[in-house]
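Novice: Pasting a structure here, questions to come.
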Amino acid sequence: MNDPIPGQEPVRGAGGRGDSERARGVGPEEGSVPELPSEVAALRRIRFFEELTDDDLSRLARIGQRRSYAARDAIVEKDSDRGGFFVLLSGEAEVEAGGTVHVLSSGDFFGEMALLAGSRRTATVRARGPVQAMVFEPIYFRPFLIENPSVAVTLLEVLAERLNAVQTRLEVDRAWI
């Protein structure tokens, strides 16, 4: 009998043809790719995770926690020190910050400033409708960033874009004073 893949339960079947192949993660057709867990498939669709390998995404899925929010639920509140880095898997959320509201949708993320700086929340984020999000706590996500510098660089690029947008809004506001 073949040994199961580490961390995976052996498939128990009627002992018919194909059971040992499924136990090794091989589908009914030779060379087919095993089905990915739903979290891995969901993370694969996120822009800055798209370059990661399936193994990287599996590690990422293990350190994250999938959470659901109903319409108008506060996902995070301004000045809170709770929560981590959030990636929207489905639905839309509103970010209320600095007197403006921004809409985030599936594939967008927030909480990078709190994650990287260890600071309190600078905005309130509410679900517009049902939302599924993957949440990563800093204690687990920071080591992942160290092991995956391309994700860290992408995160910093988005952070810089967001800070530039805030700076531009401030300059426009000053022009009106």
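Novice: Looking only at segment 121-138, decide whether some residue is surrounded by 15 or more Cβ atoms within 10 Å (Cβ to Cβ) and in a helix (DSSP H, G or I).
Specialist: Checking segment 121-138: at least one residue is surrounded by 15 or more Cβ atoms within 10 Å (Cβ to Cβ) and in a helix (DSSP H, G or I).
Novice: Considering segment 91-120 alone, what residues qualify as being assigned to a strand (DSSP E or B), small (Gly, Ala, Ser) and within 19 Å of Thr154 (Cα to Cα)? Even if it seems obvious, please write down each step before you answer.
Specialist: Step one: list which residues in segment 91-120 are assigned to a strand (DSSP E or B), which gives 92-97, 100-105, 109-110.
In the following step, the residues that additionally are small (Gly, Ala, Ser) were identified as 93, 97, 105.
Across segment 91-120, the qualifying residue is only Ser105.
Novice: Among (1) among the polar types (S, T, N, Q); (2) surrounded by fewer than 17 Cβ atoms within 10 Å (Cβ to Cβ); (3) in contact with a strand residue (DSSP E or B) (Cβ under 8 Å, 6 or more places away or on another chain); (4) over 19 Å from Arg44 (Cα atoms), which single condition is Thr168 missing?
Specialist: That leaves (3) as the condition not met.
Novice: Return the residues of segment 91-120 that are polar (S, T, N, Q), loosely packed, with under 15 Cβ neighbours inside 10 Å and touching a residue at least 40 places away in the same chain (Cβ under 8 Å); say none if nothing qualifies. Steps first, please.
Specialist: Step one: filter segment 91-120 for residues polar (S, T, N, Q), giving 100, 105-106, 119.
In the following step, the residues that additionally are loosely packed, with under 15 Cβ neighbours inside 10 Å were identified as 100, 105, 119.
Passing the criteria: only Thr100.
Bear in mind these aren't lab numbers, they're just calculated from the coordinates by the rules spelled out. This structure is a prediction, so every number in the text was calculated from the model and none was measured. Cβ coordinates were reconstructed from backbone atoms using ideal geometry, including for glycine residues, and neighbour counts include every protein chain displayed.
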